[in-house]
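What follows is a short report on a single structure.
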Amino acid sequence: MARSWERMVQRNTKQINQQRKKQGKETIYATNSKAAAKSTDIFKGRNIVFPVVLLLLGIMFWVVGSIDEAKGSGILANWLGVVLYFLLAALLFFRRPFLKVERARLSTIKYNRERFLPAAEIEKITLSRSVVTIKYKGKRKQWIFSKLINRYDTAAMAARLEQFGKNNNIEVVHE
């Protein structure tokens, strides 16, 4: 069944179940959002390295701007740049990266968009102690989830991805 069709069925089922609940009747088959949420696992990380680099750049520009303050030209632009570096660092720190494992697809946030990868397009999943790598079929692209850079719980991810690989006939390599 197509994903859009499944969403439409779930939405209609939810509406009918609400009506049946008001009438005191029993609900029809349990394909509501709670059942879908149980089959979805989300592993969240924390982006630390890049926000720290942006904070250091902001501090560097602040120091350089305060030394150059004697000339008095471009003070507003300097402060605006420093504040924008700090805001970007805060935005990236509080927006947590994630890996969402569903029944037949994976999703993560890349380049400020949620990217989806169906199980049919995954060539192999490589699991190690501190890094999880998911490789596309026929392409040189891969998703890398690191414990060092993004603070993911790679042990829990590895266990769930091994189960995902077994359910979808994907090669899982342990390093």
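Before moving on, here are some points about what is shown:
- Residue among G58, S128, V173 farthest towards the positive dipole end of the chain, charges placed on Cβ: V173
- Sorted on the mean count of surrounding Cβ atoms within 10 Å across their residues, most packed first, peptides 147-158, 112-123, 93-104 read 147-158, 93-104, 112-123.
- Placing +1 on each Lys and Arg Cβ and -1 on each Asp and Glu Cβ, with no other charges, gives segment 118-175 a dipole about its Cα centre of roughly 200 debye.
- Taking the C-alpha atoms only, the angle from helix 75-94 to the longest principal axis of the chain is near 30 degrees.
- For N168, nonlocal amide neighbours, meaning residues 5 or more places apart or on other chains whose placed amide H falls under 5 Å from its own, do not occur.
- For V52 and I28, the difference between the fully extended length at 0.36 nm per residue and the C-alpha to C-alpha distance is 3.5 nm.
- Whole-number accessible area per residue in Å² for segment 66-168, which is evaluated in the context of all protein chains at 1.4 Å: 64 Å²
- Percent accessible area from carbon and sulfur atoms, segment 64-175, protein chains only, probe 1.4 Å: 56 percent
- Among P97, A77, T40 the positive-end extreme of the charge dipole of the chain (Cβ point charges): T40
- Cα gyration tensor shape for the chain, rounded if a/c is under 1.5, else prolate or oblate: oblate
- Distance distribution note for segment 106-163: the fraction of Cα pairs above 13 angstrom is 62%.
The values are calculated or read from the model by the stated rules, or taken from the named source; none is laboratory data. What you see is a predicted model, and the numbers here were worked out from it, not measured in a lab. Heads up, the Cβs are rebuilt from the backbone with ideal geometry, glycines too, and the neighbour counts pull from every protein chain shown. Accessible surface areas use protein heavy atoms only, side chains included; no ligands, DNA or RNA. Shrake-Rupley method; radii C 1.70, N 1.55, O 1.52, S 1.80 Å.
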